[in-house]
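Report on one structure; see the data block that follows.
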Amino acid sequence: MLDNIPDTLTLAEIQEVLQIGKNTALRLVHTGILPGHRVGGKWLFFKEDVETFIQNS
């Protein structure tokens, strides 16, 4: 599905892939709907989690 996307995505890349704003992306993370990991002050997301989110949406 996301063949030409790297294995980890930043918050900005999530916004672009899902075509959502920053507040919406953060709301998905904070509610646990989209698993994300805070590393060194940046949000990172695994491509597999994003694919699962898209399939379940």
Cα gyration tensor of the chain, axes a ≥ b ≥ c as square roots of the eigenvalues: rounded (a/c below 1.5), prolate (a/b > b/c) or oblate? rounded
Have a look at LEU9, PHE53, ASN23 and report the one farthest towards the positive end of the charge dipole of the chain, computed about the Cα centre with Cβ charges (Lys/Arg +1, Asp/Glu -1). ASN23
Hz values of 3J(HN,Hα) by residue in segment 2-9 - Karplus curve (6.51, -1.76, 1.60), Gly and Pro given as x: 10, 4, 9, 10, x, 5, 10, 10
If you plug each phi of segment 46-57 into the Karplus form 6.51 cos²θ - 1.76 cosθ + 1.60 with θ = phi - 60°, what whole-Hz ³J(HN,Hα) values come out, in order, with x for Gly and Pro? 7, 4, 4, 5, 5, 4, 4, 4, 5, 5, 7, 7
Using a simple charge model, +1 on the beta-carbon of Lys and Arg, -1 on the beta-carbon of Asp and Glu, nothing else, what dipole does the chain show about its Cα centre, in debye to the nearest 20? 360
Average Cα contact separation per residue, the chain, under 8 Å, 6 or more apart, as relative contact order %: 42
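None of the figures in this text is laboratory data; all of them are computed from the coordinates on show. As the structure is a computational prediction, the values presented were derived from the model and not from experiment. FYI the Cβ positions are ideal-geometry reconstructions off the backbone, even for glycines, and counts take in every protein chain you see.
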